[in-house]
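Inspection log for the structure reproduced underneath, given as structure tokens.
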Amino acid sequence: MTNAGTPFENFIRFNAERGEYGDGDRERQIQERMAAARTFTAHDIERTRPNGTILRVLGVPVPGHGFVTLYSDVTEQRRSEKLIREHNTLLESRVAERTAELSAINDQLRQAIHANELIASSLRRSEQQMRLITDSIPALVAYFDRDRIYRYVNRGYHDWFGLDPAAPQAVSAREFLGLDTYTRIKPNVMRALRGEAVTFEYDVHTFDGRNLVARTSLIPEVAPDGSVAGCFELTFDITDQRRSHELMVQAQKMDALGQLTGGLAHDFNNILTVILGNLTALADEPSAKPHVPEFISPAIDAARRGSELIKGLLSFSRKHPIETSVVDVNLLVTAVDKLVRRSLPETITLQTSLAPQTLNARLDANQLQNALVNLILNARDATEGRGDITIRCTAETLNAQQSARLHLPSGSYVCVQVRDDGCGMDAATRARVFEPFFTTKSSGQGTGLGMAMVYGFARQSGGTVDIASEPGNGTSVALWLPSDNDSSTQKPMQGGDAGQPTSQPDQNLALLVEDDPNVRRIVRRLLLDLGFAVLEAETGVEALHILDQTPGIRLLLSDIVMPGGVDGRQVARHAIQGGQVSKIILMSGYAPDSDDLPGVPLLTKPFTKAQLAASLQGVSS
């Protein structure tokens, strides 16, 4: 681990000497990377390390601060992608070979038909066998001649487009694909008729209303004279494969953004703690009373709004602490229905379909309620005040194929789907819909954190969000949440300490552990105002030493993220083991890991004296 303050060139030199940049002149490698770093240009590259692992290096400049670089091991991901490509290539090759073999047999039988009727009968039997084989392939198989007239289509064309395989000459690609789609793929067809094998992907609409993503390969048939006699056509449904890839890319992007926003939120919350603490202290000064209404109160309100904004970022990055309990999702959706129905215009129809059985899930009920309200209001805006919104709750069991598409473990889930018949979204909007501060609404009508918070809640609850949307065809947003049939589990403790809470803090000794001197000064003042004598520690190591050497400490108030290798949770565990500290409270601008200290409350920065006092009393503020 590189220590803070280490020159960047040392880091580059360390990597170069380990062979991270390959063979060659080490000094030249170092100077080239130093020169590139000085440009402060965002980059997203991959590098193969000497041990064969592949690193993804994502660099993002932070104006006024420096550069944030995220290193991700994508070895397994690249290995999986390569395996998928190899499997697809092998399948397409086998089908193409089989189709070519069958076509060759068919040609031989056509030549023999002129000999006698017996051979003609054999040809018909062979064609039936060929159709039986091609109809059983999970793909669309066809052949069209140089004039683009179909001579053969298998049953797949009936399943997708309702066409008659017995009359291939009546099949028109322009009609069953639609003019727009046909216009887009026509250049590929013309390339194939010029003798070039081509593969391309496109969206298709089936006759029964399904929207699929198709991959078609066209293989030219070359006549003895060298001309192209026609083309064999092989088409696969890759909808699930494409969706799985999009979800994987989305999850990687969201995780990278989450790491970045979580780190920034920690620093901003420390800053807001200092601002809010000083402003509230200033507001209590008698000499400042004339300035409170016009200057100080608006500044305090702005700082609190900034704190709420940071909470939204933490919800997105899944660093905001949650309070989980077993919730009947049917009952919660019913409550949300009653809550929002009165706020919707009469021109919008809201329908709710509940599951016939109890839908238990372990989650934060308030966050699920907020997520559903966000989705319903987004649906209202998408319909422009006129349309239908449907909420549907179901119990689902994901098999291996479905779980791979959603990137979730197989098992039982609760699915809550919010669907509207509004304007819908294009692919570019769908790809960014969960990004913080991304919004399609007009300025002043939204922060762009709503869908980011929905995504963060679903992922923190062990589930995911799945969106299906097309321009003009509405939007369906599905929350997939792991089900929990054990409804006897109790709600986690709210606050508390090793001793009994008192109505007022006693005149006791407190140990304050905080590495930021400005934050420490503010919190120290709050503790003094609440009647505590205060000892201060700047690091976790220093705090451990004070706990071991100083008797009579009754309160430990510690930040979680600390330098020096010992964090706040380790300090709290040490105090619990010592058994002398009667009250322990952790505070943080963000919590980077799950809370493994039951009964120890977490005070989120920034906080006021009243909130600190309430936490000391064991009462939620």
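The values are calculated or read from the model by the stated rules, or taken from the named source; none is laboratory data. This one's a predicted model, so the numbers in the text were calculated from it and none came from an experiment. Reconstructed Cβ throughout: ideal geometry from the backbone, glycine too, with neighbour counts over all protein chains shown.
Considering region 44-68, the residues that are exposed (fewer than 14 other Cβ atoms within 10 Å of the Cβ) and within 22 Å of the chain's Cα centre (by Cα) include one that is nearest to Ile12 (Cα to Cα), namely Val57. Only residues that are over 23 Å from Arg151 (Cα atoms) and free of Cβ contacts under 8 Å to residues at least 40 places away in the same chain were counted across region 211-234, and they come to 1. Within this structure, Glu221 fails the test of being closer than 30 Å to Tyr455 by Cα, over 22 Å from the mean Cα position of the chain (by Cα) and either modelled with pLDDT under 90 or not assigned by TED's automatic domain parsing to the domain that holds Val561 (or both).
For (1) at pLDDT 80 or above; (2) among the β-branched types (Val, Ile, Thr); (3) surrounded by 21 or more Cβ atoms within 10 Å (Cβ to Cβ), each residue gets a yes or a no:
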| residue | (1), (2), (3) |
| --- | --- |
| Pro409 | yes, no, no |
| Val416 | yes, yes, yes |
| Cys423 | yes, no, no |
| Ala431 | no, no, no |
| Lys441 | no, no, no |
| Met453 | no, no, yes |
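All conditions in (1) in contact with a strand residue (DSSP E or B) (Cβ under 7 Å, 6 or more places away or on another chain); (2) without any contact (Cβ under 8 Å) to a residue 60 or more places away in the chain hold for Ala170, with the sole exception of (1).
In region 1-106, counting only strands (runs of 3 or more DSSP E) that sit wholly within it, the ones holding 3 or more residues that are farther than 30 Å from Arg215 by Cβ and in contact with a strand residue (DSSP E or B) (Cβ under 7 Å, 6 or more places away or on another chain) span 54-62, 66-73. For region 519-550, the set of residues classified as surrounded by 15 or more Cβ atoms within 10 Å (Cβ to Cβ) and either modelled with pLDDT under 85 or part of a loop (DSSP other than H, G, I, E, B) (or both) consists of Leu530, Phe532, Glu538, Thr539, listed by residue number. As a summary of the residue check, Ile389 satisfies the conditions (1) closer than 30 Å to Gln241 by Cβ; (2) at pLDDT 90 or above except for the one numbered (1).
Against the test of being of a type outside the set (Gly, Ala, Ser), within 20 Å of Pro224 (Cα to Cα), at pLDDT below 85 and over 36 Å from the mean Cα position of the chain (by Cα), the options Gln129, Gln111 yield a single qualifying residue, Gln111.
Here the condition is being at pLDDT below 80 and in contact with a helix residue (DSSP H, G or I) (Cβ under 9 Å, 6 or more places away or on another chain); of Glu20, Glu9, it holds for Glu20 alone. Among the residues of region 562-621, those identified as assigned to a loop (DSSP other than H, G, I, E, B), at pLDDT below 85 and hydroxyl-bearing (Ser, Thr, Tyr) are Tyr590, Ser594, Thr608, Ser620, Ser621.
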